[in-house]
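Colleague: Pasting a structure here, questions to come.
The values are calculated or read from the model by the stated rules, or taken from the named source; none is laboratory data. As the structure is a prediction and not an experimental result, all values here were calculated from the model. Cβ atoms come from the backbone with ideal geometry, glycine included; neighbour counts cover every protein chain shown. The area values use the complete protein model at the heavy-atom level, side chains included, leaving out ligands, DNA and RNA. Shrake-Rupley method; radii C 1.70, N 1.55, O 1.52, S 1.80 Å.
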Amino acid sequence: MGLDIGTTKVCVIVAEPDEEGEVHITGMGTSPSTGVRRGVVVDLDGTTRAIEDAVEAAERMAGVKIAGVVLGVSGEHIASQNSRGVVAVSRGDHEIGESDVSRVVEAARMAAIPASDREIIHLLPRDFVVDGQDGVKNPVGMYGTRLEVDAHIVTGASTFLANLLKCVQRAGVEAEELVLEPLASGEAVLSQAERELGVALVDIGGGTSSLGLFLGGGLCHAAVLPIGGHHITSDIAVGLRTPIVEAEKLKIRHGCATAAMAAEGETIEVVPIGTREARILPRRVLAEIIEPRLSEIFAMIKTQLRRSGYAPLLPAGVVATGGTALLRGIADAATEQLDLPARVGVPEVSGSMADVVGSPIYATGVGLILHAARKRPTGRAAHHLDGTGTLFGRIRQWVREFTQGG
Ligand SMILES: Nc1ncnc2c1ncn2[C@@H]1O[C@H](COP(=O)(O)OP(=O)(O)OP(=O)(O)O)[C@@H](O)[C@H]1O
Ligand SMILES: [Mg+2]
């Protein structure tokens, strides 16, 4: 089961694997999220209730009881860095064993010890180097004297993670694994070829835009920006002097990414705040409000891409997910502003609920399940070694001390 606690919606997706390990989506539940700002929990009670509602709806639909979930993590506090570990191969005959791999990954972790107020969410080995030869995916059984690993480490602020876990716990479900949201979204919509070649996953949700860069098959950079589709909606509300609910409807029904996309003569009906009577306005007026805010979002993404140093290494371009990816013309606008080919990413899955979750809005939720289900050889090693055990141990301890100590 995947649990995505977003800024606009809490979403639970239920899946069942078949004998071949193929995932079938059998249930889904969503509820409006009121206690989350920019990807971070700000209201424990509101978020707990939203989780309970979404879990209940998903359970009803799938006809199962949900006990454990794979939990998505997001928010501006997320940081990521590369780290390298080096060890001497322990065995006399220089055959590399599992223990050497554990030691070298541990060395990479030690080389990047996070500040005391941060926790490691992922430690993902990307590439092993045996006696200077890089590009080794699985070194176990090979001969060598020196083993190195290039790992990618994702960290988050302990307190924010603890608050998130507290809500989940209070809603009566157990978080079995934490997964960075853009990593999950990427799992749902990117092909292996794109991930090998170099690709940017951009999830533009309601309160955040998150970025995951993939190269050589794995994640190499991640960041979460505190801006999203909700900013577009509030601009529309202010610009057209209409309530937020009306602005949201206008955006979804008539919105488009650029003013040039709105044809001459097209009109929209706007109900101004405090009145009942609709005004007729050119659709272009709406597009002229959306365009600059979307440009701002893309400009922030572009700055992140440049800062990451990976901008020239993304031949597979940009894949957009999240609700805002449904905005008409967004792929063209992304191509134009980011100078990269772009497409909208839609999760492709099977099962009775497959068509419902086949939308960029559910990329994160579906990806959480796929991330946990796909047992790639290196993925398993990563999972085994990525320290989530200690993460949960420490954060749970922390939550307990907090709740008992007042
Ligand atoms: N057809 C559409 N056109 C434009 N925007 C849309 C459309 N459908 C949904 N949105 C926008 O998508 C946003 C919600 O997206 P999503 O469900 O991915 O966010 P979230 O996961 O709750 O939030 P976040 O990931 O930022 O925490 C809202 O701002 C909504 O207005
Ligand atoms: Mg989201």
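Colleague: It is to be established whether one or more residues within region 347-368 are among the aromatic types (Phe, Trp, Tyr), assigned to a helix (DSSP H, G or I) and either touching a Leu at 6+ places or on another chain (Cβ under 6 Å) or open to solvent by 30 Å² or more (accessible area, probe 1.4 Å) (or both).
Modeller: First, pick out the residues of region 347-368 that are among the aromatic types (Phe, Trp, Tyr): 362.
Going one step further and asking which of them are assigned to a helix (DSSP H, G or I), we end up with 362.
Cutting the leftovers down to either touching a Leu at 6+ places or on another chain (Cβ under 6 Å) or open to solvent by 30 Å² or more (accessible area, probe 1.4 Å) (or both) gives us 362.
Yes, region 347-368 contains at least one residue that is among the aromatic types (Phe, Trp, Tyr), assigned to a helix (DSSP H, G or I) and either touching a Leu at 6+ places or on another chain (Cβ under 6 Å) or open to solvent by 30 Å² or more (accessible area, probe 1.4 Å) (or both).
Colleague: Tally up the residues in region 305-322 that are open to solvent by 30 Å² or more (accessible area, probe 1.4 Å) and of a type outside the set (Phe, Trp, Tyr), please.
Modeller: 7
Colleague: Let me ask something additional. Being of a type in the set (A, V, I, L, M), within 11 Å of ligand 1 (Cβ to nearest atom) and closer than 26 Å to VAL224 by Cβ is true for just one of VAL69, VAL55, VAL40. Which residue is that?
Modeller: VAL40
Colleague: Can GLY135 be described as part of a loop (DSSP other than H, G, I, E, B) and either open to solvent by 50 Å² or more (accessible area, probe 1.4 Å) or over 25 Å from VAL73 (Cα atoms) (or both)?
Modeller: Spelling it out, it is not the case that GLY135 is part of a loop (DSSP other than H, G, I, E, B) and either open to solvent by 50 Å² or more (accessible area, probe 1.4 Å) or over 25 Å from VAL73 (Cα atoms) (or both).
Colleague: If I ask for residues that are near ligand 1 (Cβ under 8 Å from one of its atoms) and either part of a strand (DSSP E or B) or of a type in the set (A, V, I, L, M, F, W, C) (or both), which ones from region 11-37 would you list?
Modeller: CYS11, VAL36, listed by residue number.
Colleague: While we're looking at this one, here's another question. Taking the stated definitions as given, is GLY144 over 30 Å from PHE298 (Cβ atoms) and open to solvent by 10 Å² or more (accessible area, probe 1.4 Å)?
Modeller: Values: over 30 Å from PHE298 (Cβ atoms): yes; open to solvent by 10 Å² or more (accessible area, probe 1.4 Å): no.
No; evaluated as a whole, the condition is false for this residue.
Colleague: Please go through region 38-73 and pick out each residue that is within 21 Å of SER350 (Cα to Cα) and in a strand (DSSP E or B).
Modeller: Within region 38-73, VAL69, VAL70 meet the criteria.
Colleague: Which residue, of THR233, THR242, is closer than 19 Å to ILE361 by Cα, modelled with pLDDT of 95 or more, open to solvent by less than 30 Å² (accessible area, probe 1.4 Å) and assigned by TED's automatic domain parsing to the domain that holds GLU269? Give the derivation first.
Modeller: Working: THR242 fails: closer than 19 Å to ILE361 by Cα.
So the residue among THR233, THR242 that is closer than 19 Å to ILE361 by Cα, modelled with pLDDT of 95 or more, open to solvent by less than 30 Å² (accessible area, probe 1.4 Å) and assigned by TED's automatic domain parsing to the domain that holds GLU269 is THR233.
Colleague: On the given criteria, is LEU225 open to solvent by less than 10 Å² (accessible area, probe 1.4 Å) and within 16 Å of ligand 2 (Cβ to nearest atom)? Please lay out each step first, then the result.
Modeller: Values: open to solvent by less than 10 Å² (accessible area, probe 1.4 Å): no; within 16 Å of ligand 2 (Cβ to nearest atom): yes.
Judged against the criteria, LEU225 is not a match.
Colleague: Can you report the number of residues in region 139-160 which are not hydrophobic (A, V, I, L, M, F, W, C) and not in a strand (DSSP E or B)?
Modeller: Final tally of qualifying residues: 6.
Colleague: (1) touching a Cys at 6+ places or on another chain (Cβ under 6 Å); (2) away from ligand 2 (no atom under 14 Å from the Cβ): which one isn't true of GLY21, the others all being true?
Modeller: Looking at each condition in turn, GLY21 falls short on (1).
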